[in-house]
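Taking it in order: structure first as structure tokens, then the write-up.
The values are calculated or read from the model by the stated rules, or taken from the named source; none is laboratory data. Please read all numbers here as calculations on a predicted model, not as lab measurements. Neighbour counts run over all protein chains shown; Cβ positions are idealised from the backbone, glycine included. For the accessible areas, the whole protein counts, side chains as well, though only heavy atoms, and no ligand, DNA or RNA atoms are used. Shrake-Rupley method; radii C 1.70, N 1.55, O 1.52, S 1.80 Å.
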Amino acid sequence: MIAAEVSTGDTIQPMIVVIDGPAAAGKGTIAQRLAAHYRLPYLDTGLLYRAVAKEVTERGLDVDDPETAGRIAASLDTGRLADPELRGHHAGELASRVAVHRPVRDALLEFQRHFAVRPGGAVLDGRDIGTAVCPDADVKIFVTASAEVRARRRTEELRAKGRDVDYNRILAEIRARDARDSSRAAAPLKPAVDAHLLDTTDKDIEAAFRAAVEIIERAKPRRERRGVQET
């Protein structure tokens, strides 16, 4: 795969960074910070599934029907990814329902892989990037946190936006989504065998970002040695 330019003498080494993990663990914020830090393009792959779910519901169709959702995914206009409504809590819940469908995941796989292998490199976050989308990525990080902490973060986020939400309901939704994402037959949520685990339960975003940078910097020597061997 072609990715970020990291110089080793006369050799330019590629780098693809993928961030996976459950909802509200902090992976999106960490991924965006890493992309800015390393000057890489960034893709929130969850927006693809949110856009599919939103279009399905806008057309009055069934988000739980694999073939219907798959057809929408196959013709998805990626210009819809800029829709601010896709960032909402409801869109995330619907996305988790369409993401279980194999036809949807197959339809979106090509776009994600194409984004990852661009000459400038990339940072991608999602739930199956290290295991299914980019299994050969140079650095894989699996970001997690306890369900209770994630529910608290999500509750505070929604209340800051003026939403009247109940912590216990959010916690129940997060646990249900974890179960749905982890048990689905198509690319279930799980760490890649070579992923670096980053637990943010006791970390604020600054500490989590620094830990992610340290993981990437530690990975550089191994990648540089590999590049020398391959030339």
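Extending 7 Å from the Cα toward the beta-carbon at both residue 164 and residue 148 defines two label points whose distance is 2.8 nm. Taking every lysine pair in the chain that is 8 or more places apart or spans two chains, those with Cα atoms closer than 23 Å amount to 12. Per residue, the convex hull around the alpha carbon atoms of the range 78-164 comes to 139 Å³. The angle separating the long axis of helix 89-98 from the principal Cα axis of greatest extent in the chain is about 80 degrees.
The packing ranking of peptides 160-168, 75-83, highest mean first, is 75-83, 160-168, where packing means the average number of other beta carbon atoms within 10 angstrom of each residue.
In plain terms, the chain from residue 157 to residue 117 could stretch by 11.1 nm, reckoned as 0.36 nm per residue minus the Cα-Cα distance. Using the Kirkwood radius built from alpha carbon pairs, what does the Stokes-Einstein equation give as D for the range 101-213 at 10 °C and 1.306 mPa s, in µm² per second? D = 100 µm²/s. Take each peptide in 198-204, 39-45, count the other Cβ atoms within 10 Å of every residue, and average; sorted highest first, the result is 39-45, 198-204.
Just add up the charged neighbours of residue 89: K/R +1, D/E -1, any other residue whose Cβ is under 10 Å from the Cβ of residue 89.
Working: positive: 87, 154, 161, 163; negative: 93, 157, 173.
For residues surrounding residue 89, the net value is +1.
The mean accessible area for residues of the range 95-231, using a 1.4 Å probe and ignoring ligands and nucleic acids, is 50 Å² per residue. Expressed to the nearest 5 percent, the antiparallel share of DSSP beta bridges inside the chain is 15 percent. Label point of residue 210 set 7 angstrom out along Cα-Cβ; within the range 23-38, amide nitrogens under 18 Å from it belong to 30-31, 33-34, 37-38.
Protection proxy ranking, highest mean first, for peptides 100-111, 184-195: 100-111, 184-195, where packing is the per-residue count of other beta-carbon atoms within 10 Å, averaged.
Each of residue 39 and residue 89 was given a label point 7 Å from its Cα along the Cα-to-Cβ line. The distance between the two points is 4.0 nm.
Normalised by 2.2 N^0.38 Å, where N is the number of residues, the C-alpha radius of gyration of the chain stands at 1.03.
The amide H of residue 20, built 1.01 Å from its N in the peptide plane, has 126, 141, 142, 143 as neighbours under 5 Å, considering only residues 5 or more places off or on other chains. Counting only alpha carbon atoms, the long axis of helix 102-116 and the longest principal axis of the chain meet at about 40°. Angle between the Cα long axis of helix 205-230 and the longest principal axis of the chain, 0 to 90 degrees, nearest 10? The angle comes out near 50 degrees.
Ignoring any ligand, DNA or RNA, what whole percent of the accessible area of the chain comes from carbon and sulfur when the probe is 1.4 angstrom?
50 percent
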